[in-house]
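First comes the structure, then the notes that go with it.
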Amino acid sequence: MTGAGETTEVPAQSEVTGYAPAELDRTTRLELYRKMVALRLFEQRAYDLFLQNLVKGTSHLSLGQEAVAAGFGQAMRADDYTFCTYRGHAHTLVRGASMTGVMAELLGRSNGILGGKGGSMHLTSVEHYAMGSYAIVGAHMPIAAGAAWSAMERDSGQVAVCFFGDGTTNIGAFHEALNLAVVWKLPVVFVCENNLYMEYTPIGSVTAVPSPAADRASAYGLERVLVDGNDPDELYGCASRFLERARDGDGPALIEALTYRKGGHSRADPGKYRPDDEVERWMARDPIDLYRGRLLELGFGAPELDEIDSGELAAVDRATQEAKDGQAPDVGAIETQVFADGGNAWRN
Amino acid sequence: MAELSYRDAVAAGLAQEMERDDTVYMIGEDIAAAGGVFKATPGLLERFGPRRVRDTPISEEAITGAAMGAAMTGLRPVAELMFSDFIATCWDIIANQIAKTRYMTDGQITLPLVIRTANGAGSRFGAQHSQSLENWAMAVPGLKVVAPSTPADVKGLLAASIRDDDPVMFFEHKSLYATKGDVPDGEHVEELGVAKVRREGSDATIVALAAMVPRALDAAERLAADGIDCTVIDVRSLVPLDTQTILGSVRSTSRLYTVEENPRLCGWGAEIASIVAEELFYDLDGPIVRITTPHVPLPAADALEDATLPTVERIYQTIKNSD
Ligand SMILES: Cc1ncc(C[n+]2csc(CCOP(=O)(O)OP(=O)(O)O)c2C)c(N)n1
Ligand SMILES: [Mg+2]
């Protein structure tokens, strides 16, 4: 166990609770695999395009963390709400947003899902209940609670799922949102993707407790939930369980998923601040490699999996081409959609 | 017509809208069981029940954030922030999230919500419970900003704000809560972005907001006795801003004075002064003069606070001496 002020080690797997369903059907497994592969290939492509200076500004990739998006995405009802952070390509895509629309948004094209107005850090697809990517750390946590409050009042049976990082557990909005969610018994599931680092600082060196989210759960009367964030079966099981609880009116959950970025925090960050042996240990736990291995062991055929790989690669290629073919947004768009009448008129 | 206090008009406006639209919900600190620290919301809990009128923890980010999340998913929340000074604790949610999300999502998200808050000085509360912050909100694209001066406008503009599909910052003035005025019977809804001429005169135009409106009117009466006949315009809504009413008046009076409770720099009157200077420069017979609180945090002692805000005397003297 590490304590306050020390750097975080990879938490012992023995601390992690098992949530994987005893039995999982073939289709679900293949779908979990497909989702992770799609997200991986998309993010790798986004990185390549960034290096080619086609993706401008910044981007925060989910490489290495795909299992969280896949596991939850698979477990959520089609109309459950997703709230995520600037590291939100995966969470938005997994709800069904078009790869072309997302890629074009990264490229600043008019066929981007936000028409080029939001960019990488604000991906949103309301038609898929992806209610936004938020770039101010922690801000979306009370907003997700608000969507859950509305779902409860409308008796819609929807659950809001809110993804955030380990660093987010130290900002006030985290605590305000959790307290409100518990007091109002809201159908919201908060998911901390603990990748052990904020941008460059190890979370253990700035946090009062070793498990930044799980160790705070008791302060809100919530169950301590620590799950393997690189195992989609575990995440699917964990998500299903707490989504169902929330849907049944039993209130919120706070889940901490242990995972790791394959690369740096953003842009071209090489992540040099991470010790070699730590990186090595985590790279050996690549969620897609591990899952592919498991599926092969379970008797899935390699050709079947290869076919998924090539199908998703073709989809990413197509999206890349369509995004590149998009035009720069018309400058006429600048003064649109400030207000609900579609414009920005502030005076007569 | 019935005579209501400004504070009772708040409850009346809320009740009117909650009655007609069951997606209107209220949240805030001490608003339900206690009826609000300024007693602007009594009786609503009893009338609409604990789900639609709900007390919150002291969590301004959670209050405004929850309002935002609910607004994007089908409710029309009205969130109360006890004092406008507290918007500094949730300025991220208001200025970064609520104001910008529609734009950043290219119109995918609509946020029909109202943030009501008690604004302004006069209560000897000192610098952290007395500010006039409507110009902070005015500076952020995506927010509408309303500040009523009469009970009728409280009800009518609050109703309009709740019905509006954009986020509205609704600034109620603490020192006006006890004032009384006639409020039309039955459903009463005003329009955002329409200024109101409170007094007509041909010599000068005085533009004022909220608690500065009655002071401007008093000063105008004194000036009239001296032969200076002023128009007094109650701006009512800073965003959208009814520049036409102001420009029309200045076109005929050729003089403009603003009376602002905010500290000097970047007050709302500066924007109006710049518009008038740009568009009516050659119609002006003299400089545009802004009458504001000096650029200081507000002092608490009654003698100091009273002398800090624009007084009737200062408005009167300024206009008389520059005429
Ligand atoms: C309020 C705020 N402070 C600082 C930042 C700058 N910032 C962006 S991402 C980040 C690290 C967040 O770490 P974590 O929550 O662990 O998420 P991760 O990036 O690891 O997914 C920081 C400090 C910000 N966006 N918002
Ligand atoms: Mg992190």
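Coordinate-derived values only; no laboratory data. Predicted model, so just to flag it, every value in this text is computed and none were measured. In this analysis, Cβ positions are derived from the backbone assuming ideal geometry, glycine residues included, and neighbour counts consider all displayed protein chains.
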Quiz prompt | Size of the protein assembly as shown as Cα extents on the principal axes (Å, biggest first) | solution = 97, 53, 47
Exercise. Could you please state, rounded to a whole Å, how far the C-alpha centre of the range B:248-323 is from the C-alpha centre of the range A:236-291?
Key: 57
Quiz prompt | Euclidean distance between Cα centres, the range B:97-123 to the range B:144-182, Å | solution = 15
Quiz prompt | Spin-label pair residue B:165/residue B:301, simplified geometry with 7 Å Cα→Cβ offset, distance in nm | solution = 5.4
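Restricting to DSSP H runs of at least four residues, report the calculated mean residue ellipticity at 222 nm for chain A, -39500 (n - 2.57) per run over all residues, nearest 500 deg cm²/dmol. It would help to have the intermediate numbers written out before the result.
Working: 10 runs with 135 residues, N = 348.
About -12500 deg cm²/dmol.
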Self-check item: Label-zone membership for the range B:166-200, site residue B:275, 7 angstrom Cα→C-beta point, backbone N under 14 Å
Solution: B:192-197
Quiz item: Per-residue mean of other chain beta-carbon atoms within 10 angstrom of the beta-carbon, peptide B:105-116?
Solution: 5
Practice problem: Have a look at the DSSP beta bridges in the range B:2-183 and tell me what percent are antiparallel, nearest 5. | Solution: 15
Exercise. Determine, from the Cβ-Cβ distance of residue B:254 and residue A:294 and an R0 of 60 Å, the FRET efficiency 1/(1 + (r/R0)^6), rounded to the nearest 0.05.
Key: 0.15
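Evaluated at 37 °C with a viscosity of 0.692 mPa s, what Stokes-Einstein diffusion coefficient in µm²/s does chain B have when Rh comes from the Kirkwood expression over alpha-carbon pairs?
Working: Rh = 19.9 Å.
The calculation lands on 165 µm²/s.
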Quiz item: How much length is gained if the chain between residue B:200 and residue B:178 is pulled fully straight, taking 0.36 nm per residue apart and subtracting their Cα-Cα distance, in nm to one decimal?
Solution: 5.3 nm
Practice problem: Taking only Cα atoms and a 10 Å spring cutoff, compute GNM fluctuations for chain B and point out the largest among B:211, B:273, B:40. | Solution: B:273
Quiz item: Roughly speaking, what is the centre-to-centre gap between the range B:216-247 and the range A:292-348 when only Cα atoms are used, to the nearest Å?
Solution: 54
Quiz item: Measuring from label point to label point, each 7 Å out along Cα→Cβ, what is the residue A:199 to residue A:22 span in nm?
Solution: 4.9
Self-check item: Descending principal axes extents, the range B:196-320, alpha-carbon based, whole Å
Solution: 42, 33, 24
Exercise. Obtain the nm distance between the two label points defined at residue A:127 and residue A:44 by a simple spin-label model: each point lies 7 Å from its Cα along the Cα-to-C-beta direction.
Key: 3.0
Quiz item: Where Rh is the Kirkwood radius over the Cα pairs of the range A:305-348, the temperature 10 °C and the viscosity 1.306 mPa s, what D in µm²/s does Stokes-Einstein return?
Solution: 115
Quiz prompt | Whole-number D in µm²/s for the range B:223-297 (Stokes-Einstein; Kirkwood sum over Cα pairs; 20 °C, 1.002 mPa s) | solution = 163
Practice problem: Can you work out the PRE-style zone for residue B:323? Point 7 Å along Cα to Cβ, and I want the residues of the range B:259-286 with backbone N under 16 Å. | Solution: B:285-286
Exercise. Please work out how much length the chain gains when fully extended from residue B:264 to residue B:125, using 0.36 nm per residue of separation minus the C-alpha to C-alpha distance, in nm with one decimal.
Key: 48.0 nm
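Divide by every residue of chain B the summed helix terms, -39500 (n - 2.57) for each DSSP H run of at least 4, and state the resulting mean residue ellipticity at 222 nm, rounded to the nearest 500 deg cm²/dmol.
-10000 deg cm²/dmol
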Quiz item: What share of the DSSP beta bridges in the protein assembly as shown is antiparallel, in percent to the nearest 5?
Solution: 15
Practice problem: Give the relative contact order (percent, whole number) for chain A; include only Cα pairs under 8 Å separated by 6+ residues. | Solution: 25
Self-check item: Dmax and Rg, reported as Rg then Dmax, of the range B:1-129 (C-alpha, Å)
Solution: 15.0, 45
Quiz item: Between residue A:333 and residue B:311, what FRET efficiency comes out of the Förster formula 1/(1 + (r/R0)^6) with R0 = 56 Å and r the beta carbon distance, rounded to 0.05?
Solution: 0.70
Self-check item: Net charge contributed by nearby residues that have their C-beta within less than 14 Å of residue B:253 (K/R +1, D/E -1)
Solution: -3
Practice problem: Consider all pairwise Cα distances in the range A:54-201 and report the whole-number % of them above 25 Å. | Solution: 25
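What is the antiparallel percent of DSSP beta bridges lying wholly in chain B, to the nearest 5?
20
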Quiz item: Average projected area of the Cα convex hull of the range A:13-321, in nm²?
Solution: 15.1
Quiz item: In the structure shown, do any of A:185/B:155; A:35/A:262; B:39/B:100; B:174/B:196 have a Cα-Cα gap over 28 Å, and if so which?
Solution: A:185/B:155; B:39/B:100
Self-check item: Most mobile listed residue (A:68, A:191, A:279) in chain A, GNM with C-alpha springs under 10 Å
Solution: A:279
Quiz item: If you build a Gaussian network model of chain A, linking Cα atoms that sit under 10 Å apart, which residue out of A:214, A:38, A:284 swings the most?
Solution: A:284
